[in-house]
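The values are calculated or read from the model by the stated rules, or taken from the named source; none is laboratory data. Treat the numbers as computed from the prediction; the structure is a model and nothing was measured. All Cβ positions, even for glycine, are placed from backbone atoms using ideal geometry, and neighbour counts span all protein chains on display.
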Amino acid sequence: MELLYEVEELIESGSIDKAEAALAKLGGEAEHAAEAAYFQGQIHEARNETIEAINAYHKATEADPDHLEATFRLAFLLDLHGEDEEAMQLYEQCLKHPPLHVNALINLAVLYEDDGSYHEAERCLELILDRHPNHAKAQLLLKDVRSSLTMYYDEDQERMMESHHAIMDMPISEFELSVRSRNCLKQMDIHTLGDLMNVTEAQLMAYKNFGETSLNEIKALLTQKNLVLGQMLDDPSPEAPTALPTLGSDGIYGKSVNELELSVRSRKCIQRLGINTLGELAARSETELLSIKNFGLTSLNEIKRRMIDMGLSLQS
């Protein structure tokens, strides 16, 4: 055992050749096989012999599956060589033995994040911060992971919005309606399901030659799509938009939206609406912004937060 301590000290001092010579004195003693293979791996690493080091650590873990140091070094080297799946398994194995292996958790969190397993990455980093609340790297990584989680949900929201828009854009001509109903809708300039979402029963019934039969036919069509007449209307009798306070071109409403310092995604989305000033943005509602392609709740909340900081808000 003393010889193993000597080998370890020689490696730590950088005396690699002497360490290898001392290690050779152990011979083939089975009881020290795992330690000997581990130190051989350390020697190979010191010489930048990565493949040889991986083989040595494999021997060490085969001789002793609970050898924590060899398991971590093997995981680390496999991680570097892109063997993510095996590296993850080995990092997880490191966590089965106390004390908490912080470096294994950090590396595992990074692999989980790369794999898109954000909740698992979050769990690893929270374990570190439970024990070490001021761990700077864990704090930074956790912020990135949670940002990725938010983006993930934002993308889900965007997919839902895209699906919603696809339904709204469906032409009425694709559905089997009577000639009378189809002609009435055409004369009212109603061509898509989205157009129907912006009219009420009363408005349809007020049109000449439009009766209960046509109304029930259209309502049945919408029910198939889980839609109802007028559901896009906030108010059946919408009023003109509330006028913005007159502050002059040098007032806050005349300032560029760049003053908000928005993320690239949010900035591009409002540019699609031709919004250039804070006044133009403040004249828009949440519903209008969410109707933009690729505009999700994350972007909306960012804009609202930045506007509040400047004493502004979107239209209600």
Check: Going through the stretch 167-202 one residue at a time, which ones are of a type outside the set (Ser, Thr, Tyr), part of a helix (DSSP H, G or I) and crowded, with 16+ Cβ neighbours inside 10 Å?
Finding: Met168, Ile172, Arg182, Cys184, Leu185, Leu193, Gly194, Asp195, Leu196
Next item on the list: Could you tell me whether any residue of the stretch 301-308 is over 22 Å from the mean Cα position of the chain (by Cα) and either modelled with pLDDT of 80 or more or part of a helix (DSSP H, G or I) (or both)?
Entry: yes
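To keep it simple, each residue is scored yes or no on (1) more than 12 Å from the chain's Cα centre (by Cα); (2) surrounded by 15 or more Cβ atoms within 10 Å (Cβ to Cβ); (3) closer than 26 Å to Ala70 by Cα.
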site: Ala109; (1), (2), (3): yes, yes, yes
site: Tyr112; (1), (2), (3): yes, yes, yes
site: Asp115; (1), (2), (3): no, no, yes
site: His119; (1), (2), (3): no, no, no
site: Arg123; (1), (2), (3): yes, yes, yes
site: His132; (1), (2), (3): yes, no, yes
site: Ala136; (1), (2), (3): yes, no, no
site: Leu141; (1), (2), (3): yes, yes, yes
site: Arg146; (1), (2), (3): no, no, no
Note to self: What pairs come out if I take residues in the stretch 31-45 that are in the same structural domain as Arg73 (by TED's automatic domain parsing) and crowded, with 21+ Cβ neighbours inside 10 Å and pair them with residues that are basic (Lys, Arg) and in a helix (DSSP H, G or I) whose C-beta lies under 7 Å away, six or more apart or interchain?
What the structure shows: Ala37/Lys59; Gly41/Arg73
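Residue-by-condition table, conditions (1) surrounded by fewer than 17 Cβ atoms within 10 Å (Cβ to Cβ); (2) modelled with pLDDT of 75 or more; (3) of a type in the set (A, V, I, L, M):
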site	(1), (2), (3)
Thr223	yes, yes, no
Val228	yes, yes, yes
Ser237	yes, no, no
Pro245	yes, no, no
Val257	no, yes, yes
Next item on the list: Considering each residue of the stretch 36-59, count those that are under 18 Å from His81 (Cβ atoms) and among the aromatic types (Phe, Trp, Tyr), and give that number.
Entry: 1
